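Notes for the one structure printed next.
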Amino acid sequence: MQNNELKQIVKNADSAINQENFDDLMDFYSEDAILVVKPGMLAKGKEEIRRAFEAIADYFNHSLIVNQEKMEIIETGDTALVIAKALLSANQKTDSEFSMERIATYVFKKESDGVWRCIVDNSYGAELLE
């Protein structure tokens, strides 16, 4: 199922990450959202998620670029699962350049204001099982 609205929301979030516009990025998340920072480490709620993205930007020396190459969306009612091929790169990371492809999973909920917001952001996808 193709939901162009959700695709655009994810692209806008990527743009906010790439520009380090964390104010706009927080609009992407529900108040009680969860971000998988890395396996075994979660950020819960907008305040922790913002701090996590600030730390991630610092870690990649403010050169992280995120792009979803391909997306599949499974939607039912007010809930949607987005599976995406996420491409991440950073050309100014302190110890080396960085490039990676992940199959990310995101869960969205359409809130009472009619806006889709991410409730689970897991860029690691099924890698969490390993």
Conditions (1) modelled with pLDDT of 90 or more; (2) among the hydroxyl-bearing types (Ser, Thr, Tyr); (3) touching a Ser or Thr at 6+ places or on another chain (Cβ under 6 Å): number failed by residue 89: (1)
In the stretch 51-71, residue farthest from residue 117 (Cα to Cα) [restricted to those that are among the charged types (D, E, K, R) and at pLDDT 90 or above]: 58
Test result for residue 20, in contact (Cβ under 8 Å) with a residue 40 or more places away in the chain, assigned to a loop (DSSP other than H, G, I, E, B) and charged (D, E, K, R): yes
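Going through the stretch 23-70 one residue at a time, which ones are of a type in the set (Gly, Ala, Ser) and under 14 Å from the mean Cα position of the chain (by Cα)?
So the first thing to find is which residues in the stretch 23-70 are of a type in the set (Gly, Ala, Ser), and the list is 30, 33, 40, 43, 45, 52, 55, 57, 63.
Of everything in the stretch 23-70, those that are of a type in the set (Gly, Ala, Ser) and under 14 Å from the mean Cα position of the chain (by Cα) turn out to be 30, 33, 43, 45, 52, 57.
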Filter result for residue 74 (loosely packed, with under 15 Cβ neighbours inside 10 Å, among the hydrophobic types (A, V, I, L, M, F, W, C) and at pLDDT 95 or above): yes
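So in the stretch 4-17, with the set limited to residues that are more than 11 Å from the chain's Cα centre (by Cα) and touching a residue at least 24 places away in the same chain (Cβ under 8 Å), which one is surrounded by the fewest Cβ atoms within 10 Å (Cβ to Cβ)?
Let us first name the residues in the stretch 4-17 that are more than 11 Å from the chain's Cα centre (by Cα), namely 4-8.
Cutting the leftovers down to touching a residue at least 24 places away in the same chain (Cβ under 8 Å) gives us 5-7.
Details: 5: 13, 6: 21, 7: 15.
Top of the filtered list is 5.
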Residues that are within 17 Å of residue 111 (Cα to Cα) and in contact with a strand residue (DSSP E or B) (Cβ under 6 Å, 6 or more places away or on another chain), drawn from the stretch 8-33: 9, 10, 28, 29, 30, 33
Meets criteria (within 12 Å of the chain's Cα centre (by Cα), farther than 21 Å from residue 111 by Cβ and assigned to a helix (DSSP H, G or I)) for residue 86: no
Output for the stretch 28-60, where each listed residue is assigned to a loop (DSSP other than H, G, I, E, B), surrounded by 13 or more Cβ atoms within 10 Å (Cβ to Cβ) and touching a residue at least 60 places away in the same chain (Cβ under 8 Å): 28
From 73, 83, residue being under 17 Å from residue 127 (Cβ atoms) and touching a residue at least 24 places away in the same chain (Cβ under 8 Å): 83
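Can you confirm whether residue 119 is at pLDDT 95 or above and out of contact with any helix residue (DSSP H, G or I) (no Cβ under 6 Å at 6 or more places or on another chain)? Write out each step before concluding.
Working: at pLDDT 95 or above: yes; out of contact with any helix residue (DSSP H, G or I) (no Cβ under 6 Å at 6 or more places or on another chain): yes.
It is true that residue 119 is at pLDDT 95 or above and out of contact with any helix residue (DSSP H, G or I) (no Cβ under 6 Å at 6 or more places or on another chain).
The values are calculated or read from the model by the stated rules, or taken from the named source; none is laboratory data. Note that this is a predicted model, so its numbers are computed, not measured. Using ideal geometry, Cβ is built from the backbone for each residue, glycine included, and neighbour counts are taken over all protein chains shown.
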